[in-house]
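Chemist: First, the structure itself, so that you have it in front of you.
The values are calculated or read from the model by the stated rules, or taken from the named source; none is laboratory data. Small disclaimer: the values here were computed from a predicted structure and weren't measured. Cβ placement follows ideal geometry from the backbone for every residue including glycine, while neighbour counts extend to all protein chains displayed.
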2 protein chains.
Amino acid sequence: MAESQTKTIRFGIIGCAQIARKVIRAISLASRATLHAIGSRSIEKAQKFAALCGLSETLVKVYGSYDQVLDDPCVDAVYVPLPTSLHLQWAILAARKKKHLLLEKPTALDVHELDRILEACQSNGVQFMDGSMWLHHPRTARMKELIFDSKLLGQVNFIHSTSTTLMPPEFFESNIRVKPDLDSLGAVGDLAWYCIGAFLWAKDYKLPSIVTALPGTIKNSAGVTLTCTASFHWEDNTVAIIHCSFLSESSMDLAVSGSNGNLHLADFIIPFREDSASFEFVSGAKYSELQIGWTAKPEELIVDSKLPQEVLMVEELAGLVEGIRDYGNSPNGKWPEISRKTQLVLDAVMKSIDLGCKPVNL
Amino acid sequence: MAESQTKTIRFGIIGCAQIARKVIRAISLASRATLHAIGSRSIEKAQKFAALCGLSETLVKVYGSYDQVLDDPCVDAVYVPLPTSLHLQWAILAARKKKHLLLEKPTALDVHELDRILEACQSNGVQFMDGSMWLHHPRTARMKELIFDSKLLGQVNFIHSTSTTLMPPEFFESNIRVKPDLDSLGAVGDLAWYCIGAFLWAKDYKLPSIVTALPGTIKNSAGVTLTCTASFHWEDNTVAIIHCSFLSESSMDLAVSGSNGNLHLADFIIPFREDSASFEFVSGAKYSELQIGWTAKPEELIVDSKLPQEVLMVEELAGLVEGIRDYGNSPNGKWPEISRKTQLVLDAVMKSIDLGCKPVNL
């Protein structure tokens, strides 16, 4: 028991965003992790949040500043769900304090900021990972097997992904995600992050060469993007389309169309259910004689998940941190690379929007 | 029996394309229609095709020219599955011979040609309809009810549609659909026709204002398009994306994303099965507490069809022709208008491809 407690990775959280509640639950469900501390800008806010989350102050330290969390020597890793504009400052400080980093997406305002964060992580020997939970679901691994089996999906030719969520009227007035000084990336940072991550995943992280925002971008009066559609083109002629919006009902579509097959799911970011997720896949579907039907229709493939994807994310990070802390491993370079490529493409989308939908070469 | 025979609409077919076999079957299953004659460029071709289709020459006239079909006074309506480059000539001639017209899609090489065909139909008082079968499926009508119910789907914000079909190697060498002198519109004419028709349908035939082909167009050595992706923008900020290709496995996706709900189906052009079709629909889906799932997932709505969609198409045309022939009705203007708008948008896609993906204003 004592040994197991020592081995557990102790998390601190700075900021009281709603998403932190989900991660607190994930940490509580993860066998390798415990929540050690939370911090907010005031002790009142932190205490209120701790009460909301049902945290016991005898088990979890509740601090009235972010610095106190980062200065707590018992904290191994820090989860940062702060507004994007604050990531640079606090992520770098966390890394300097030798805290491993779980940074909420979008990781930074642009790749230059992210590079400074990643440099701080590297020079301090800490692990970096962003908060893209869906990458940790076993369904994602199962889908990847099918996509990368040339006899099943074949060559990836077209990818389509959406991330939309209808926000209530008050969101557009007051939420940090539509305030230019806090989250100037708007729906691109909050939603397109997933879609970009999805097509990069489907292309095995090969970057597109041309990024083009499409007509139809909607911004609020402060200039923050609420809706955006963009296209991506690879030199091998793969095309991807993403659509993200705060103005449409929830959708999380991912469709990958290949020379031999097709994959589709409608809940790639957050599965409809926690314990079991599915996707549709079909390979070698032809039309029947006279084209009055199909020889095969998409099959629903079900992937059970013993643990929610965010728990698996915490476990993955905790495992890496354990390797570094207890076995002298180096930080894993895969996760920062995924984040960096996602941010790089996201920057190009923002640039194309700024240029009035002109194509941007990557 | 004699009266019913008189009332039946007698079809002639000019050309022996594979798709004609499907329409011959549809005519045979339609209560209001009979097949009276088929014609090809030679009597040998026509006889061979009649035998392939199991047609009895005692019941169906088999002609060695298109003209003979058009000159047969017993033919009320003509189905024209000829290569697109031949539509102008033969569709106009059919109209002048007072034959009602079921014209395979794409209707013409461009809207100027189509306008000449439609003008010929109008001045000769004959009905015009193109061969978009899916518009006649009861599923299409059911989906439209949901899309246009503002409490269900809400405002249409985004439409995504694909039409892909993997062609065998010999297709790219010899098929008329990739020969510039026969079907210069390639995949745009053959496949994007459906996707354009689908988003126009979802927008109640309001035309987009900007049409942009996207990087990634693939052409064969003769310059005929094999793969194309394009975006469409309306003044109300609706965005539509279409993707069509002869190089990807079969897909026929249609997704309509609204402010309150989402609709999706993977077989909108040809249903997986003839007797029953389905689509997925969800309205008012939110994320559950902590965003660990959804409050609602898309529901599969099943629509049975007593008759295949192509039979319903033939019945629809036959009913209109009957109204004109037997009751002095005027030709119905809805079908030519749908075709004309589809062709107009298709022309803009071709123009944008020709301009190297520059936006084209409609």
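Chemist: Which numbered condition trips up B:Lys203, out of (1) surrounded by fewer than 22 Cβ atoms within 10 Å (Cβ to Cβ); (2) within 20 Å of the chain's Cα centre (by Cα); (3) away from every other protein chain (no Cβ under 14 Å); (4) not hydrophobic (A, V, I, L, M, F, W, C)?
Modeler: It fails just one condition, (3).
Chemist: OK, next. Can we say B:Pro336 is surrounded by 14 or more Cβ atoms within 10 Å (Cβ to Cβ), not in a loop (DSSP other than H, G, I, E, B) and not acidic (Asp, Glu)?
Modeler: On the way: surrounded by 14 or more Cβ atoms within 10 Å (Cβ to Cβ): yes; not in a loop (DSSP other than H, G, I, E, B): yes; not acidic (Asp, Glu): yes.
Judged against the criteria, B:Pro336 is a match.
Chemist: Any residue that is free of Cβ contacts under 8 Å to residues at least 24 places away in the same chain and within 30 Å of B:Pro215 (Cβ to Cβ) - is there at least one of those in segment A:134-147? Give the steps one after another, and end with the answer.
Modeler: At the first step, the residues of segment A:134-147 found to be free of Cβ contacts under 8 Å to residues at least 24 places away in the same chain are A:141, A:145.
Retained after the next criterion (residues that are within 30 Å of B:Pro215 (Cβ to Cβ)): A:145.
Yes: one or more hits.
Chemist: I need a count of the residues in segment A:17-42 that are within 19 Å of A:Leu86 (Cβ to Cβ), of a type outside the set (Val, Ile, Thr), in contact with a strand residue (DSSP E or B) (Cβ under 8 Å, 6 or more places away or on another chain) and free of Cβ contacts under 8 Å to residues at least 60 places away in the same chain.
Modeler: 3
Chemist: Within segment A:172-221, which residues are closer than 23 Å to A:Gly356 by Cα and of a type in the set (Gly, Ala, Ser)?
Modeler: A:Ser184, A:Gly186, A:Ala187, A:Gly189, A:Ala192, A:Ser209, A:Ala213, A:Gly216, A:Ser221
Chemist: Considering each of A:Leu226, A:Leu185, A:Leu191, A:Leu214 in turn, give the residue that is under 19 Å from the mean Cα position of the chain (by Cα), closer than 28 Å to A:Pro83 by Cβ, within 13 Å of chain B (Cβ to nearest Cβ) and buried (at least 24 other Cβ atoms within 10 Å of the Cβ).
Modeler: Values: A:Leu226 fails: buried (at least 24 other Cβ atoms within 10 Å of the Cβ); A:Leu185 fails: within 13 Å of chain B (Cβ to nearest Cβ); A:Leu214 fails: under 19 Å from the mean Cα position of the chain (by Cα).
Answer to the selection: A:Leu191.
To keep it simple, each residue is scored yes or no on (1) at pLDDT 95 or above; (2) under 17 Å from the mean Cα position of the chain (by Cα); (3) closer than 30 Å to B:Trp234 by Cα.
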| site | (1), (2), (3) |
| --- | --- |
| B:His87 | yes, yes, no |
| B:Leu93 | yes, no, no |
| B:Glu104 | yes, yes, yes |
| B:Ala120 | yes, no, no |
| B:Met143 | yes, no, yes |
| B:Ile147 | yes, no, yes |
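Chemist: Ok, one more. Would you say B:Leu307 is part of a loop (DSSP other than H, G, I, E, B) and not β-branched (Val, Ile, Thr)? I'd like the intermediate steps shown before the answer.
Modeler: Numbers: part of a loop (DSSP other than H, G, I, E, B): yes; not β-branched (Val, Ile, Thr): yes.
When the stated conditions are applied, B:Leu307 passes them.
Chemist: Restricting to segment A:107-139, count the residues that are under 23 Å from A:Ala37 (Cα atoms) and of a type outside the set (A, V, I, L, M, F, W, C). Break it down stepwise before answering.
Modeler: We begin by selecting, within segment A:107-139, every residue under 23 Å from A:Ala37 (Cα atoms); these are A:107, A:117, A:120-121, A:124-133.
Now drop any that are not of a type outside the set (A, V, I, L, M, F, W, C), which leaves A:107, A:124-125, A:127, A:130-132.
Count: 7.
Chemist: Considering only segment B:239-263, how many residues are farther than 15 Å from A:Asp253 by Cβ, part of a loop (DSSP other than H, G, I, E, B) and either without any contact (Cβ under 8 Å) to a residue 12 or more places away in the chain or at the interface with chain A (Cβ under 7 Å from one of its Cβ atoms) (or both)?
Modeler: Let us first name the residues in segment B:239-263 that are farther than 15 Å from A:Asp253 by Cβ, namely B:242, B:244-250, B:252, B:259-260.
Remaining after also requiring part of a loop (DSSP other than H, G, I, E, B): B:246-250, B:259-260.
From the residues that got through so far, the ones that are either without any contact (Cβ under 8 Å) to a residue 12 or more places away in the chain or at the interface with chain A (Cβ under 7 Å from one of its Cβ atoms) (or both) too are B:247-250, B:259-260.
Qualifying residue count, segment B:239-263: 6.
Chemist: Return the pairs, sorted by first residue and then second, in which the second residue is small (Gly, Ala, Ser) and surrounded by 16 or more Cβ atoms within 10 Å (Cβ to Cβ), the first residue lies in segment A:287-309 and is more than 30 Å from A:Ala30 (Cβ to Cβ) and more than 7 Å from chain B (Cβ to nearest Cβ), the beta carbons are less than 6 Å apart, and the residues are 6+ apart or on different chains.
Modeler: Here the result reads A:Ala296/A:Ala285, each pair linking segment A:287-309 to a residue that is small (Gly, Ala, Ser) and surrounded by 16 or more Cβ atoms within 10 Å (Cβ to Cβ).
Chemist: Let me ask something additional. Going through segment A:1-30 one residue at a time, which ones are in contact with a Ser or Thr (Cβ under 6 Å, 6 or more places away or on another chain) and at pLDDT 95 or above?
Modeler: Residues of segment A:1-30 that are in contact with a Ser or Thr (Cβ under 6 Å, 6 or more places away or on another chain), as a first pass: A:8, A:10, A:16.
Across segment A:1-30, the qualifying residue is only A:Arg10.
Chemist: Shifting gears a bit: When the residues of segment B:229-238 are filtered to those that are surrounded by fewer than 24 Cβ atoms within 10 Å (Cβ to Cβ) and more than 7 Å from chain A (Cβ to nearest Cβ), which remaining residue is farthest from B:Lys358 (Cα to Cα)?
Modeler: Residue satisfying both the conditions and the ranking: B:Asp236.
Chemist: Could you say whether any residue in segment A:275-285 is of a type in the set (A, V, I, L, M) and at pLDDT below 95? Can you show your working first?
Modeler: Let us first name the residues in segment A:275-285 that are of a type in the set (A, V, I, L, M), namely A:277, A:282, A:285.
Keeping just the survivors that are at pLDDT below 95 gives A:285.
Scanning segment A:275-285 turns up at least one residue that is of a type in the set (A, V, I, L, M) and at pLDDT below 95.
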